[in-house]
Amino acid sequence: MSTTRLPLQPELPLYGSPDDGPAIVLGDERIAYTLRRTQRRRTISLLIDERGLRVAAPLKASQQAIDAMLREHAAWVIRKVRDWRRKQPPPRLWRSGEQIMLYGDPVTLEVIAGVPAPRLENGRLLYGPAAPGPDNIESGIHDWLKQQALALYTRRCHEFSSRLGLAAPTVRLSNARTRWGSCHASGRISMNWRLVQTPMAWIDYVAAHEVAHLRQMNHSPAFWKTVGELVADYAERRAALRREAHRYLLL
């Protein structure tokens, strides 16, 4: 199976402490991080940016060596992670007036009684479930976004596969915290549902990336040539996604 990870595909911003990624206890704090291993790297490095704590390590670096590096710099890591957490957006309350991103554009939530399914109208997302508590509103909107995502991803992947003369793949949604998409050797493509919040150009890049794996299950020059056949400016889109995704991923 081929997956799009760093450095070939950026990881998602990590809001809070995801349960599906690595973490370490420093002092009395559990600190989650994303780990990137590369063949070219010779040392372990630590970085904290808008996406949280990231660790880059050689392919053969042991987990013990990574833990030792984190403990050696524990004071710095704790201080920086606390600063990062303070800058995170406040918890969403799921009430009228809050904004949600869809295809890179903001839509305003309006909780209105008698609208049992989310409905988009002129930049407003109208919704009023029978039991209009925050949890129900959140769940309903997440389900709606996933429906929009799956329909869009399926259309785009089928369009790209048709252009390459390939059979239409099965497309599924993923909830991964550290990658945008993956392509299985069986021909199944998974794409992260949260990507639907970002601009269409970026969604098309990820779809093209995964469809290209149907022809080349690697990241060889031939693979990137195939991506370029589908999205000529893929390098610019990939860089923008890596640089700016955190601005759009509000859920």
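The values are calculated or read from the model by the stated rules, or taken from the named source; none is laboratory data. The model shown is predicted, which means the values in this text are computed figures rather than measured ones. Note that we place each Cβ from the backbone using ideal geometry, even for glycine, and neighbour counts take in every protein chain shown.
Take the conditions (1) surrounded by fewer than 20 Cβ atoms within 10 Å (Cβ to Cβ); (2) out of contact with any Leu (no Cβ under 8 Å at 6 or more places or on another chain); (3) acidic (Asp, Glu); GLU229 misses just one of them, which is (2). Within segment 204-249, the set of residues being polar (S, T, N, Q) and in contact (Cβ under 8 Å) with a residue 12 or more places away in the chain comprises ASN218, THR226.
Taken across segment 104-112, residues that are under 30 Å from ALA151 (Cβ atoms), among the hydrophobic types (A, V, I, L, M, F, W, C) and in contact with a helix residue (DSSP H, G or I) (Cβ under 7 Å, 6 or more places away or on another chain) do occur, with at least one present. Consider segment 78-115 and keep the residues that are among the acidic types (Asp, Glu) and surrounded by 14 or more Cβ atoms within 10 Å (Cβ to Cβ). The one that is nearest to ALA130 (Cα to Cα) is GLU110.
For segment 124-176, the set of residues classified as over 18 Å from VAL231 (Cβ atoms), of a type in the set (Ser, Thr, Tyr) and crowded, with 16+ Cβ neighbours inside 10 Å consists of TYR127, SER174, listed by residue number.
Only one entry in ARG85, ARG92, ARG156, ARG172 is modelled with pLDDT under 95 and within 27 Å of SER190 (Cβ to Cβ), namely ARG92.
Of everything in segment 177-200 that is more than 27 Å from SER139 (Cα to Cα) and without any contact (Cβ under 8 Å) to a residue 40 or more places away in the chain, the residue that is surrounded by the fewest Cβ atoms within 10 Å (Cβ to Cβ) is SER186.
Within segment 122-134, the set of residues being within 28 Å of ILE203 (Cα to Cα) and either within 26 Å of the chain's Cα centre (by Cα) or touching a residue at least 24 places away in the same chain (Cβ under 8 Å) (or both) comprises GLY123, ARG124, LEU125, LEU126, TYR127.
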